[in-house]
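The values are calculated or read from the model by the stated rules, or taken from the named source; none is laboratory data. Computed from a predicted structure; not experimentally measured. So basically every Cβ, Gly included, is an ideal-geometry build from the backbone, and we count neighbours across all protein chains shown. What goes into the accessible areas is simple: the full protein's heavy atoms, side chains included, and nothing from ligands, DNA or RNA. Shrake-Rupley method; radii C 1.70, N 1.55, O 1.52, S 1.80 Å.
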Amino acid sequence: MDGMKHLISIYFFILAIIQMGLLFGIVNSYRSQNVVRPNPYWMSSLTANVGGLLIFGGGVLTVTNINSPQFNFTVANALLVAAALLQALFCLSLNQKISTNLKIAFGVAIAVFLIAFEYMRVNANYESRTIFMACISIVIYSWQIVILNRAKKEKPSKQLLYLQYASYAEMFFALGRMLVLSTLALPIIQVEQIPQTLILFTVAQLVMNTLSYIAIGGYWAERIAVANVQTQSENLEIKALLQEREKLIHSLVRANKTSSTGALSASIAHELNQPLGASNLNIQYLLKKLADGQLSPVVEKEVLDSLLADNQRAANIIRTLRAVFAEDKIETIRVDLGELIQTVLGITKSEMLSKEIQIVLKLEPNLFLQTNRSELQQVFLNLLNNAIGALASVARLSKTITIEGHRLNEGIALSFADNGTGVSEEARAHLFELLSDSKSKGMGLGLWLCKHIVTRHGGSISYQANPAGGAQFILWLPFQSRLA
C-alpha cells in the first residue's frame, strides 16, 4: 500500500530537485555577469514552485485519509498557485511595467485562495479540491498564453514560443485531470485509489511546468548573449570614438601651436624686454662716459655690476621657460624668502623710484623653503612688475605695494597687493590663461607662468580684490617643494 505513496512522492521530489538545480544555475549565472538583471517574478515563481513540490512530496508520505489531509497541503497548493501567477506576471513584465495595483491584486488573490482551499481541505473531498485546482490552472495558463502572444510580436523569440507550447500542454493536462475525475464512479479516500491515468496527467503537467521554466531560462540566456554582443560592439565604438578624439585633440594642439606662435613670442619678448632694455641703457651710459672721458673705476664697476645682474635676469627667464616646456626635474635648495624678496625689490628699485611707488613689507622672520630659487624669483618678479604696471597709470599721491608673508598649514602664505585699479570682473575668469585677451596688456605670459611654476612646486596662487582697493595675489607654497 505504501508503494504508491512513495512513487508519487518520488515524482514530486525528482521534479523539485530538477527545478532546484535550475534555480541554483540561474543564480550563479546572474552573479557571473552584470549585463542583464534577473527578473524577480521568474526567480520568485521558480522558488515558490520548488517549495510547493517539496512540501507536497513530503505530505504525500504522511497522509492517511486523502479527504482530510494536513494543513501542509494548503500551504503546498498555495505555493504552486503563487508560482503560476508569478510566471504569468513575468510574461506580462516583458511588455509592460507591473503596476502597484496588480501587485496588490496578486497578494489578495493568494490570500483568498488560502482561505478558500483551507475551507475545502476541511469540508470538501479530494475530487472537488483537484477540480478546483485544475480550473485555477486552466485560467492562469489561458491568461499566460494570451500574454505570450503579445510578447512574441514585440520580442520575437523561440524560447517564448517554447514557453507558450508548454503552457498549452499544462492546460491540456489540467483538462485531462478534470475529465478523469468526472468519469469516476467511486469516491477516492486513500492515495492507493487514485487512478494511474490521473497520476500520469498530474506528473505530465508538472513536467511541462518544469519545461516552461527551462524555456524561460533559455530566453534569459538569449538576452544575456545579445546584451554581451551589444556591450562588445558598444565598447568597440567607444574605443574608436576615443581614438578619434585623441587624433582631433592632437590636430587641435598642433593648429593651436601654429596659430599662437606669434602671440607667445610677443609675450616672451615682453618678459625679456626689461632686463635687455636695462642693459641697453647701461651700455649707452657706459659709452657716453667713455666718449666724454669721464669713466671712473667706481662708475665702471657699478655699470658692469648692473649689466651682469640684467644678464643673469634674462638668463634666468630663458632657463625657467626652457624648464617649463621641457618639464625636466629641477634641483631645489633652502631659500630664505625674505632675502629673495629683497633681491627682487633691488632689481625693480629704480623703476619703483621713478614711479614714486612705496613698498610695505610685513614678513615674519625665518621664512625658509626647500625650493628652486630661480623659478621662485621669476614668480615674485612677475607679480611685482604687474603691480608696478598697474600703479604706473594711477593718478594718486600714495602708490603702495604691500608684501606680506607668514607660515600657514605646513607651508608659507604670501600676498602681493597694490592699491591700483584692480582687475575687471571679465578679465578675472581668464587671468591665469596662457593666451587670453589680457595678454596684450603685459600680463600674458607672466601670470600664466606664475601659476605654472607655483603649481609645479605643489603650491597655489589666486587673485582677489584688495580690500584697500586694487589687486591682491595670494600664494601658498609648501615647506618642501614637490617638483616633478
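Brief remarks on what is shown
- Test set (1) modelled with pLDDT under 80; (2) part of a strand (DSSP E or B) - S462 fails condition number: (1)
- Residue in segment 393-407 that is modelled with pLDDT under 90, in contact with a Leu (Cβ under 8 Å, 6 or more places away or on another chain) and of a type in the set (V, I, T) present: no
- Within segment 340-349, considering residues that are over 21 Å from N419 (Cβ atoms) and free of Cβ contacts under 8 Å to residues at least 24 places away in the same chain, the one most open to solvent (accessible area, probe 1.4 Å): Q342
- One residue from I115, I98 being of a type outside the set (D, E) and not in a helix (DSSP H, G or I): I98
- Residue-level analysis places Y11 among those that are at pLDDT 85 or above, open to solvent by 30 Å² or more (accessible area, probe 1.4 Å), closer than 18 Å to T130 by Cα and part of a helix (DSSP H, G or I).
- Residue check, E170 under 47 Å from the mean Cα position of the chain (by Cα) and either more than 20 Å from A84 (Cβ to Cβ) or open to solvent by less than 70 Å² (accessible area, probe 1.4 Å) (or both): no
- Listed by first and then second residue, the pairs with beta-carbon distance under 6 Å, at least 6 apart or on different chains, first residue in segment 84-106 and surrounded by 14 or more Cβ atoms within 10 Å (Cβ to Cβ), second among the aromatic types (F, W, Y), are L85/F106; L86/Y41; A88/W143; L89/Y41; F90/Y41; F90/W42; S93/Y41.
- The sole residue among L353, L397, L367 that is touching a residue at least 12 places away in the same chain (Cβ under 8 Å) and either buried (at least 16 other Cβ atoms within 10 Å of the Cβ) or of a type outside the set (V, I, T) (or both) is L367.
- Members of segment 194-207 that are over 15 Å from I14 (Cβ atoms) and open to solvent by less than 90 Å² (accessible area, probe 1.4 Å): I194, P195, T197, L198, F201
- Of all positions in segment 210-231, at least one carries a residue that is closer than 30 Å to Y126 by Cα, part of a helix (DSSP H, G or I) and of a type in the set (A, V, I, L, M).
- For segment 362-392, a residue qualifies if it is touching a Leu at 6+ places or on another chain (Cβ under 9 Å) and closer than 16 Å to A413 by Cα, and the qualifying residues are L363, L367, F368, L369, T371, L376, Q377, V379, F380, L383.
- Filter pass, F113 being open to solvent by less than 30 Å² (accessible area, probe 1.4 Å), aromatic (F, W, Y) and either under 24 Å from L206 (Cβ atoms) or in contact (Cβ under 8 Å) with a residue 24 or more places away in the chain (or both): yes
- Restricting segment 465-484 to residues that are at pLDDT below 90 and under 33 Å from the mean Cα position of the chain (by Cα) leaves a set whose member that is most open to solvent (accessible area, probe 1.4 Å) is R482.
- Complete set of residues in segment 138-162 that are touching an Asp or Glu at 6+ places or on another chain (Cβ under 7 Å) and either surrounded by fewer than 13 Cβ atoms within 10 Å (Cβ to Cβ) or part of a helix (DSSP H, G or I) (or both): Y141, Q159
- Only residues that are open to solvent by 30 Å² or more (accessible area, probe 1.4 Å) and β-branched (V, I, T) were counted in segment 57-83, giving 3.
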